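The values are calculated or read from the model by the stated rules, or taken from the named source; none is laboratory data. Computed from a predicted model, the values in this text were never measured in an experiment. Don't worry about glycine lacking a Cβ; one is built from the backbone with ideal geometry, like all the others, and counts go over all protein chains shown.
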Amino acid sequence: MPPAEAREFVRRRRGRNVALLVALVALCLIFYGLSMVKLAAAH
Amino acid sequence: MNSIASRPTEADLALPGTLGAEARDWLNLLKPRVVSLVVFTGAAGLFIAPGRIHPFVAFIAILCIAVAAGAAGAINMWYDRDIDALMRRTAKRPIVNGRIAPADALGFGIVLSFASVILMWLATNAVAAAVLALSIAFYVFIYTMWLKRSTPQNIVIGGAAGAFPPIIGWAAVTGDIGVMPLVLFAIVFLWTPPHFWALSLYACKDYARAGVPMLPVTHGAAHTRRQIVLYTVLLSAATLLPVALRLTGPVYDVSAVLLDIGFLVFSWRVLRDRQDAEGVSLTNDKPARQTFRYSLAYLALLFLAVMIDHLVG
């Protein structure tokens with residue numbers, strides 16, 4: 001792979017990794033929030 | 001292992017662009033403008049439902065409706081990429097331009113579809129999740145893969161897919177399906193044909209080039225103009241159902257009547273547009289364009305009236 005293409009590939013891959021991280025953190029927060037709401041409702 | 005993991009996909013090697021541009025492509029895959037109206041009708045169903053729902057759970061329910069609608073849109077773009085390339089209106093979509101690989105788009109759509117349904121089930125109840133799953137399946141399998149390319153009734157029957165959100169929103173609160181969300185379903189269902197036929201009148205050549213059997217392509221513009229008026233009358237009758245059933249108050253009742261009069265006037269103008277012997281417009285379809293824009297405002301304002309009416313009632 002030519003250097004310019006490799007750089008572009010790495011940059012895109014990093015961007016997708018960041019997007020995946022954001023999605024996973026968002027999911028954690030959603031499940032935490034839902035757990036808290038359901039626990040509060042149960043009491 | 002590493003060499004497989006780091007092997008570039010088709011999309012990795014697509015046209016170079018900024019990360020922001022790539023994120024925008026993925027966002028466009030979710031048809032954000034369509035999603036915004038879907039979310040609004042879903043939120044209305046949730047807002048007017050009897051019972052209580054925690055604001056955080058309500059937010060998650062609306063998020064699930066948005067993500068599911070976007071996911072169905074992504075799968076639709078994956079399936080329709082061949083005809084999208086032939087239509088001016090859709091030729092710049094990210095899959096058509098090669099900025100997102102078709103397989104990536106399909107995977108994205110499938111993952112988001114399952115995630116939205118599972119999350120809806122965990123956050124609310126099985127009824128809301130089941131109707132959400134049904135709406136995705138209806139849009140993907142019944143409308144996109146079956147009706148769209150096979151019958152001029154495609155958007156009449158397929159309109160049901162976009163009419164589910166008020167039911168989903170209502171079910172997220174109550175766990176069942178009442179009369180009012182069914183009436184709202186009927187309103188969106190009957191709104192869809194005049195909305196899309198107005199668009200198809202001025203995008204007729206696009207649809208013909210792509211071989212999509214929209215009504216103006218198969219039955220001509222004159223017939224489509226009559227059908228727009230007919231369905232607008234049916235839509236107006238449906239919007240007055242809550243009035244007849246005493247489900248709403250004066251805010252909705254007055255708003256519905258005024259909005260209906262407006263829609264009927266616009267559709268009448270489409271019918272009376274200056275046209276040749278075959279019904280093709282001689283005014284560059286100005287009334288049809290105005291009707292399409294009005295129909296968008298119509299639905300948003302009607303559902304806004306439903307919510308305000310509930311708030312003050």
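Has region B:250-261 got at least one residue that is surrounded by 17 or more Cβ atoms within 10 Å (Cβ to Cβ) and over 23 Å from B:Asp309 (Cβ atoms)?
no
Please indicate, with yes or no, whether at least one residue in region B:116-135 is touching an Asp or Glu at 6+ places or on another chain (Cβ under 6 Å) and among the small types (Gly, Ala, Ser).
No, that holds for no residue.
Evaluate region A:10-17: report whether one residue or more is modelled with pLDDT of 85 or more, over 15 Å from the mean Cα position of the chain (by Cα) and assigned to a helix (DSSP H, G or I).
For region A:10-17, residues modelled with pLDDT of 85 or more, over 15 Å from the mean Cα position of the chain (by Cα) and assigned to a helix (DSSP H, G or I): present.
Output the residues belonging to region B:275-313 that are of a type outside the set (A, V, I, L, M) and in a loop (DSSP other than H, G, I, E, B).
B:Asp276, B:Glu278, B:Gly279, B:Thr283, B:Asn284, B:Asp285, B:Gly313
What tally of residues in region B:67-97 results from selecting those that are farther than 14 Å from B:Asp25 by Cβ and of a type in the set (Phe, Trp, Tyr)?
Matching residues across region B:67-97 total 1.
Of the numbered conditions (1) of a type outside the set (Asp, Glu); (2) at pLDDT below 95; (3) buried (at least 16 other Cβ atoms within 10 Å of the Cβ), B:Gly220 fails exactly one; give the number of that condition.
(3)
Which condition does A:Val22 not pass, out of (1) loosely packed, with under 11 Cβ neighbours inside 10 Å; (2) hydrophobic (A, V, I, L, M, F, W, C); (3) within 7 Å of chain B (Cβ to nearest Cβ), if it passes all the others?
Unmet condition: (3).
It is to be established whether one or more residues within region B:266-274 are in a loop (DSSP other than H, G, I, E, B), under 24 Å from the mean Cα position of the chain (by Cα) and more than 21 Å from B:Pro166 (Cα to Cα).
No, region B:266-274 contains no residue that is in a loop (DSSP other than H, G, I, E, B), under 24 Å from the mean Cα position of the chain (by Cα) and more than 21 Å from B:Pro166 (Cα to Cα).
What number of residues within region B:276-293 are of a type outside the set (A, V, I, L, M) and either surrounded by fewer than 18 Cβ atoms within 10 Å (Cβ to Cβ) or in the same structural domain as B:Val35 (by TED's automatic domain parsing) (or both)?
8
Rundown of residues vs (1) charged (D, E, K, R); (2) crowded, with 24+ Cβ neighbours inside 10 Å, yes/no style:
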{"residue": "B:Arg88", "(1), (2)": "yes, no"}
{"residue": "B:Arg93", "(1), (2)": "yes, no"}
{"residue": "B:Arg99", "(1), (2)": "yes, no"}
{"residue": "B:Ile110", "(1), (2)": "no, no"}
{"residue": "B:Ala126", "(1), (2)": "no, no"}
{"residue": "B:Ser135", "(1), (2)": "no, yes"}
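What do you reckon, is B:Tyr231 more than 22 Å from the chain's Cα centre (by Cα), under 30 Å from B:Ala49 (Cβ atoms) and in a helix (DSSP H, G or I)?
Against the criterion (more than 22 Å from the chain's Cα centre (by Cα), under 30 Å from B:Ala49 (Cβ atoms) and in a helix (DSSP H, G or I)), B:Tyr231 does not qualify.
Of everything in region B:27-70 that's within 11 Å of chain A (Cβ to nearest Cβ) and part of a loop (DSSP other than H, G, I, E, B), which residue is surrounded by the most Cβ atoms within 10 Å (Cβ to Cβ)?
Top of the filtered list is B:Ile53.
Quickly run through region B:154-208 and pick out the residues that are under 12 Å from the mean Cα position of the chain (by Cα) and outside any helix (DSSP H, G or I).
Scanning region B:154-208 gives a single hit, B:Phe164.
Determine whether A:Arg7 is at the interface with chain B (Cβ under 8 Å from one of its Cβ atoms) and surrounded by 12 or more Cβ atoms within 10 Å (Cβ to Cβ).
Answer is no for this residue.
Just to verify a result, which residue in region B:226-248, among those that are of a type in the set (Ser, Thr, Tyr) and touching a residue at least 40 places away in the same chain (Cβ under 8 Å), is farthest from B:Phe189 (Cα to Cα)?
Within region B:226-248, the match that is farthest from B:Phe189 (Cα to Cα) is B:Thr248.
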